[in-house]
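Reading through the structure tokens given below for one structure.
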Amino acid sequence: MVKDSREQLSQRYSLSRRDIVKAVGAAGIAGLAGCSQSSNGSNSGGSTLTMFMDEVIPNEINFNPWNGGTDDMHRYQIFDYIAGYHQQEGEWYPVALNDWEIPSTIKKGETVQCEIFKNFTWHDGTDYKAKDFAGNLRLWKHFEDPLWDFISDVKITGDKTVEIPLSQKVDPLLLEETLFGGKRLMYRDDIFKENLDKLESANNDSQRKQAMNELTQYRYSGRDLLDQGLGCGPFKYSDSNSTRLILEPYEDYENPYIKSDDIGPSQISMLPIDTPEERWQSMMNEEADIAQNSSITNAQVKQLDKNGNDWMDWIVELRHTGRAVVWNTRRKPLDNRKVRWALAHAIDRQTMLKGESYGSFMLETADIPCGMSNFLTDKWIGDRKSEYMKFSSEGENIQDRVNREKATNLLKAEGFSKEGQWWQTPDNNRFEIELKSPPYFAGRSQALQQVLEDFGVKVKIYNEESTTYEGQTVPNHEYDALHWWQGQVPPIPYNGYNTNMALEAHLTAWPKNWDDDSDNNEYKIDVPPIGKPEGKLKEVDVKQVLTNLSKANSESEKKSSIQKLAWVYNWNQDKTYDVVRNQAVPFTTDDWKWPSPSGDRGLEKDQYGVDQNAYMRIGRQQSWPIRFGFPSLSKNKET
């Protein structure tokens, strides 16, 4: 239920574009040949906010929102969210919704009532209706969204209202997280209804794959988005060329807190710069105003302070993030768990941490490689941590941190031998790992190559563009190993484990009898008791454990399921989770006045401001007024 405090927030931030009178300078949008400066009549002078996107050619982007292989940064602006979570207040704030009501007793047969905000519209002015919202939820089902673990249907009860029946008992925090968490509204019924109908009527895997291909592979240009009104966020497509993408405010945008006139920038210019290092350099060259995933090192912080640089700052976010080395168990000898254990023993997590492009003040090594961030490991495993397999230890020297003796004994027991520099497989071939690497994982790839080749395992790095990595290599499983995102920060780690172990099971093919061509794989594995890695094996159904976790009421019930999931992840080592990372978002302060973080920048963890709202970040305009307000032009830049 929406609380009064949410309604009062709209009055707290009353800045309107009418208060902004800055004219566009030569360094602004004029540098984009062929792109309009502004089509918003209410702000003909305008102001441009420059940020980054993935390294793609902007005027060749497929804007199909259901195509997972295209850049995602523009979607934050074009497609809106259902709600945003304010972690400090422990409350969800509506964006696309006006209100919702969750039953006091959450059990099978109860319903969630949702009411769409009355002035929420598509980019052509068409009302966003209940059939769009219901279709969005129904389409998520075909992407294996965990929401459908808890609901049985979506019923349209009015032009702007829906009813969602629950299929089982569920923890209310999990229900809200799976319904609202990071979910963009990308389904428009008059555009995608035929695709949804085909998916829902498919009778076999072949029909489902054909229907999914028709949905995801259809190509939309930016102009197609405008012509069809596909988009409901605060910004819409304006123009693009080979060097940048331009978005402009949707003139009729409105959520429960703001209207289009309340948003400061008259345009967003997005530059296709991919790597953290390049983004940082572009920020230093004053070519951009804000950067997601930029590299901030201790040396860079000290250099800024040494030079008296007061025009750049950042906010640090506590996010669902971290890093793991992913092993493709379809390929020998990585199908052998003992071999994966040996590799985990040989990997120095401190070296992997140094391979990240981020300052050490943002990073820490994973305490127990069990798929959870360290504070969750402390909370849910606690005094049982000693029973889990730690692999790497702490220490000043690498010899103290890795157990090469144990790694050596494991490989020898599996028939490996070592003569000279390199390990030989049981069939007398050099033990060699093909590692695929996009630009943003370059440092990690070099670190992994260093630690494994020091141990005697050859690592061949294949550098790829991010679009190839994400659109071809990963879905086609064309690798021995790669890097992937892991770890989680929600208080109940259901969604993280569901993603890392179930939805992304194809990355490693870890379950028994895995079939890449089947849509009906089970998520079962034989594991020993916790703390007894060589103990008697017993089958565990990971999906059932996840279900048990979702239904758990007491702390002890939740802890039992979480510890079992953590043990499966830890013992199987199909992913070696090594680094926990917070996210820093740098921004310049000479042109824009930004919402203040909760503390000052600094090198120590207790010195910097942490924004724990994983779905309410600086780069998402519709969330600014919900969190701290939205950026306005600096006083010295107003004219």
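The values are calculated or read from the model by the stated rules, or taken from the named source; none is laboratory data. Bear in mind the structure is a predicted one, so any value in this text is a computation, not a measurement. In this analysis, Cβ positions are derived from the backbone assuming ideal geometry, glycine residues included, and neighbour counts consider all displayed protein chains. Ligands, DNA and RNA are excluded from the accessible area calculation, which covers all protein heavy atoms including side chains. Shrake-Rupley method; radii C 1.70, N 1.55, O 1.52, S 1.80 Å.
Some observations on this one:
- Only one of the numbered conditions (1) more than 30 Å from Ile381 (Cβ to Cβ); (2) surrounded by 18 or more Cβ atoms within 10 Å (Cβ to Cβ); (3) in contact with a strand residue (DSSP E or B) (Cβ under 6 Å, 6 or more places away or on another chain) is violated by Gln486, and that is (1).
- Any chance Thr377 is among the hydroxyl-bearing types (Ser, Thr, Tyr), buried (at least 22 other Cβ atoms within 10 Å of the Cβ) and in a helix (DSSP H, G or I): yes
- Checking Phe52 against (1) at pLDDT below 85; (2) open to solvent by less than 20 Å² (accessible area, probe 1.4 Å); (3) among the aromatic types (Phe, Trp, Tyr), the condition it does not meet: (1)
- Condition met for Arg219 (part of a helix (DSSP H, G or I) and open to solvent by 40 Å² or more (accessible area, probe 1.4 Å)): no
Here is a yes/no grid of residues against (1) under 24 Å from the mean Cα position of the chain (by Cα); (2) touching a residue at least 40 places away in the same chain (Cβ under 8 Å):
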| residue | (1), (2) |
| --- | --- |
| Asp189 | no, yes |
| Leu196 | no, yes |
| Asn204 | no, no |
| Arg208 | no, yes |
| Tyr237 | yes, yes |
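- Positions within region 325-364 being among the charged types (D, E, K, R), surrounded by 21 or more Cβ atoms within 10 Å (Cβ to Cβ) and at pLDDT 95 or above, in sequence order: Arg340
- Within region 242-260, if we keep just the residues that are open to solvent by less than 30 Å² (accessible area, probe 1.4 Å) and touching a His at 6+ places or on another chain (Cβ under 9 Å), the residue that is farthest from Asp80 (Cα to Cα) turns out to be Leu245.
- Boolean, Tyr494 is buried (at least 17 other Cβ atoms within 10 Å of the Cβ), more than 30 Å from Val402 (Cβ to Cβ) and at pLDDT 95 or above: no
- Qualifying positions in region 138-159 - surrounded by fewer than 16 Cβ atoms within 10 Å (Cβ to Cβ) and in a loop (DSSP other than H, G, I, E, B): Phe143, Glu144, Ser152, Asp153, Thr157, Gly158, Asp159
- If you go through region 84-132 and keep only what is loosely packed, with under 14 Cβ neighbours inside 10 Å, modelled with pLDDT of 90 or more and of a type in the set (Lys, Arg), you end up with just Lys118.
- Answer residue from region 464-473, given it is open to solvent by 10 Å² or more (accessible area, probe 1.4 Å) and under 17 Å from the mean Cα position of the chain (by Cα) and is nearest to Ile273 (Cα to Cα) among those: Thr467
- Applying the criterion of being in contact with a helix residue (DSSP H, G or I) (Cβ under 8 Å, 6 or more places away or on another chain) and crowded, with 20+ Cβ neighbours inside 10 Å to the residues of region 444-463, the residue that is nearest to Arg330 (Cα to Cα) is Val457.
- For beta carbons closer than 6 Å, sequence separation of 6+ or different chains, a first residue in region 410-422 that is part of a helix (DSSP H, G or I) and a second that is not charged (D, E, K, R), the qualifying pairs are Leu410/Trp341; Leu410/Ala342; Leu411/Ala342.
- Qualifying positions in region 423-432 - in contact (Cβ under 8 Å) with a residue 60 or more places away in the chain and either closer than 26 Å to Thr473 by Cβ or assigned to a helix (DSSP H, G or I) (or both): Thr425, Phe431
Residue-by-condition table, conditions (1) among the hydrophobic types (A, V, I, L, M, F, W, C); (2) over 30 Å from Arg444 (Cβ atoms); (3) modelled with pLDDT of 50 or more:
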site: Thr547; (1), (2), (3): no, yes, yes
site: Glu557; (1), (2), (3): no, yes, yes
site: Thr588; (1), (2), (3): no, no, yes
site: Asp600; (1), (2), (3): no, no, no
site: Val610; (1), (2), (3): yes, no, no
site: Met616; (1), (2), (3): yes, no, no
site: Gly619; (1), (2), (3): no, no, no
site: Gln622; (1), (2), (3): no, yes, no
site: Leu633; (1), (2), (3): yes, yes, yes
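- Test: residue in region 170-180 that is touching a residue at least 24 places away in the same chain (Cβ under 8 Å) and outside any helix (DSSP H, G or I): yes
- For region 216-225, the count of residues that are under 17 Å from Lys131 (Cβ atoms), in contact with a helix residue (DSSP H, G or I) (Cβ under 9 Å, 6 or more places away or on another chain) and touching a residue at least 12 places away in the same chain (Cβ under 8 Å) is zero.
- So Tyr469, is it among the hydroxyl-bearing types (Ser, Thr, Tyr), out of contact with any His (no Cβ under 9 Å at 6 or more places or on another chain) and part of a helix (DSSP H, G or I): yes
- From the options Ala407, Ala442, Ala447, residue that is more than 32 Å from the chain's Cα centre (by Cα) and touching a residue at least 40 places away in the same chain (Cβ under 8 Å): Ala407
- The set of residues in region 529-560 being among the hydroxyl-bearing types (Ser, Thr, Tyr) and either in contact (Cβ under 8 Å) with a residue 60 or more places away in the chain or open to solvent by less than 10 Å² (accessible area, probe 1.4 Å) (or both) consists of Thr547, Ser550.
- Output for region 261-282, where each listed residue is buried (at least 19 other Cβ atoms within 10 Å of the Cβ), at pLDDT 85 or above and within 18 Å of Trp592 (Cβ to Cβ): Ser266, Gln267, Ile268, Ser269, Met270, Leu271
- Test result for Ile164, closer than 16 Å to Ser550 by Cα and out of contact with any Phe, Trp or Tyr (no Cβ under 8 Å at 6 or more places or on another chain): no
- Enumeration of residues in region 504-519 that are open to solvent by less than 50 Å² (accessible area, probe 1.4 Å) and either assigned to a helix (DSSP H, G or I) or modelled with pLDDT of 95 or more (or both): Ala505, Leu507, Thr508, Ala509, Trp510, Pro511
- Of all the listed residues (Lys209, Lys236), the sole one being crowded, with 21+ Cβ neighbours inside 10 Å, within 22 Å of Trp66 (Cβ to Cβ) and of a type in the set (Lys, Arg) is Lys236.
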